[in-house]
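Comments concern the structure below.
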Amino acid sequence: MRILRVVVVAALVLVVGAVLLRALDRPGAKLYVGGSIVTMDSQNRVVEALAVDGDRIVSTGSRAELQAWAQEAGAEIVDLAGRTIVPGFIDAHGHFPGAGLAAVFVDLNSPPIGSVENMEGLVALLSQRAAETPEGEWIIGIGYDDTLMLEQRHPTRHDLDRASTKHPIGVLHISGHLGVANSAALEVSGISAQTPDPQGGLIRREDDGGRPNGILEETATEPVQSRLIPGAMDVLRMLERANELYLEQGVTTAQSGSTDAGLVRVFDWASWLGMVPLRLVVWPTPEAADSLLAGELEAGQWDPLRVRVGAVKIIADGSIQGYTGYLREPYRIPPGDDPLYRGYPRVSRDELIEQVRRYHGAGLQLAIHGNGDASIDDILDAIEIAQAENPRADTRHIIIHAQMAQDDQLDRMKQLGVLPSFFSLHTFYWGDRHRRIFMGPERAARMSPAKSALARGVRFTIHCDAPVVPMEPLRLVWAAVNRKTRSDLTLGEAERISPMQALAAVTIDAAWQHFEDDVKGSLEPGKLADFVILSRSPLDDPETIDEIEVIETVIGGRTEYRR
Ligand SMILES: [Zn+2]
């Protein structure tokens, strides 16, 4: 016992020592020259020198202007050798550290993200994991995409039973809005022929009657989703992996959407211990928001510039490629026999209105997931009702994805001060299938309508929704600028935006969305020294922005990644 106590005390001393050392190790003064500095300030100035000291930006301008300061401050002169500095990329929406999930669960993604090309491949990966896992323990797979598999269908419990009948197996669709359970998983979750569909979800059944076929939609995925909570060591592995994946892509602020109270606490601790060099903006679940409002949960206590609680995340509908996005008009090719099928809301309209009222009334920002235009109607109605009851200025309520936002809805967003955050990589990853299967050419051409938003003066952001697709801000910018599908088709030429506009959507506008534009998002005196050195300027040669390399990622003046 005594030895244990000594070990614990020694470990604590080491940890506190490391934290103190980190705090005392102030980054020195540096002058970056010899390349271009894209400031993203209000004039979109591009300058030739950037001066930083400690964790802040001192100044930007010409080399001649900053030379005297450099001498006086004894600054190190850093030669960019023709490279370009841009503000650090700010994640407008994602699920940090979900990108690290593949380090813990079975990665069932298809190329270019993973390796699954058909049902055999999916079953093989799960069998492999089953062989290494004690009987009775859950096996969880993530990221499968029916539309990228040879068979063009979801797995059923029968497919998953081929991987194991001795382990409960749950796999989650790439959208996160559908899941599949094998027979053992259905059994331990108590899902049988007698189980009714839950509200806001569906248990798909076999043709012969009521027996579940294993495929679960929306709220019915809960038994699988609830298994996605990794153990303590797994969380550390996820954090480590996610950190690497974000830093090597130039991300300096990560976003964690739908975060429960436990994870909020983990973030605070991990950040304090220096295990998360990224800055975090956390969007609590409604339950976690209730705990915050009741004073039972605190966050960002040690440094709000490291961990900050932002909007309350609410999910109004599902995913269009999962046939659960809620549309005004029917899907082009319906999933079943009903030609008028147009998806469904995940929460009832009344419940949505109630939730929006509650959190808007409490003075909080809202981030509401809405893909389909029928869902966006409900969200805008709810915000309008809440505003009428309780007028608030500058709420920056967000509609996440806003994929099918129509012109009349963008007009309402302008009027209500709502901002859309577009998942602009949809055009690349799913554009061909949206055109052919889900939306048809006309509607697909105007999904994620960034240009239409600009035309109305609706400020917006763009996001990767990692781990739905990998965290790649430069590919995201490229997607918003070019709108190329995987088959190299330009989908919706009219909705393309300029590189400068797309860059703003992952820097200064994303900072604005998070109410952090006073300290982040542009390279201006007094702001945090969060920036990225790129192999070339993203403002040139728009067609190959996705090929630009991240050379170095700097957070608070500290180099956290170097290629
Ligand atoms: Zn998301």
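The values are calculated or read from the model by the stated rules, or taken from the named source; none is laboratory data. Quantities reported herein were computed from a predicted structural model and do not represent experimental measurements. With ideal geometry, Cβ positions are generated from the backbone for all residues, glycine too; neighbour counts draw on all protein chains shown.
Observations, loosely collected:
- The C-beta contact set for the stretch 146-158 (first residue under 10 Å from L122 (Cβ atoms) and modelled with pLDDT of 95 or more, second residue basic (K, R) and assigned to a loop (DSSP other than H, G, I, E, B), distance under 9 angstrom, 6+ apart or interchain) is empty.
- Residues satisfying the stated conditions in the stretch 67-108, i.e. in a loop (DSSP other than H, G, I, E, B), within 16 Å of the ligand (Cβ to nearest atom) and either modelled with pLDDT under 95 or out of contact with any strand residue (DSSP E or B) (no Cβ under 9 Å at 6 or more places or on another chain) (or both): P97
- Residue check for R306: surrounded by fewer than 22 Cβ atoms within 10 Å (Cβ to Cβ) and in contact with a Gly (Cβ under 8 Å, 6 or more places away or on another chain): yes
- Hits in the stretch 440-467 - residues which are surrounded by fewer than 22 Cβ atoms within 10 Å (Cβ to Cβ) and either small (G, A, S) or within 16 Å of the ligand (Cβ to nearest atom) (or both): G440, A445, S452, A455, G457
- Test result for F422, closer than 29 Å to R241 by Cα, of a type in the set (F, W, Y) and either crowded, with 20+ Cβ neighbours inside 10 Å or away from the ligand (no atom under 16 Å from the Cβ) (or both): yes
- Pairs linking a residue in the stretch 223-250 that is over 22 Å from V171 (Cα atoms) to a residue that is among the charged types (D, E, K, R), with Cβ atoms under 7 Å and 6 or more positions apart or on different chains, are L247/E560; Q249/E472.
- Every residue from the stretch 214-269 that is within 16 Å of the ligand (Cβ to nearest atom) and within 16 Å of P284 (Cα to Cα): A254, Q255, S256, G257, S258, T259, D260, L263
- Residue in the stretch 235-242 that is in a loop (DSSP other than H, G, I, E, B), charged (D, E, K, R) and either under 25 Å from V16 (Cβ atoms) or under 16 Å from the mean Cα position of the chain (by Cα) (or both) present: no
- None of E218, E206, E222 is at pLDDT below 95, of a type in the set (D, E, K, R) and at positive phi except E218.
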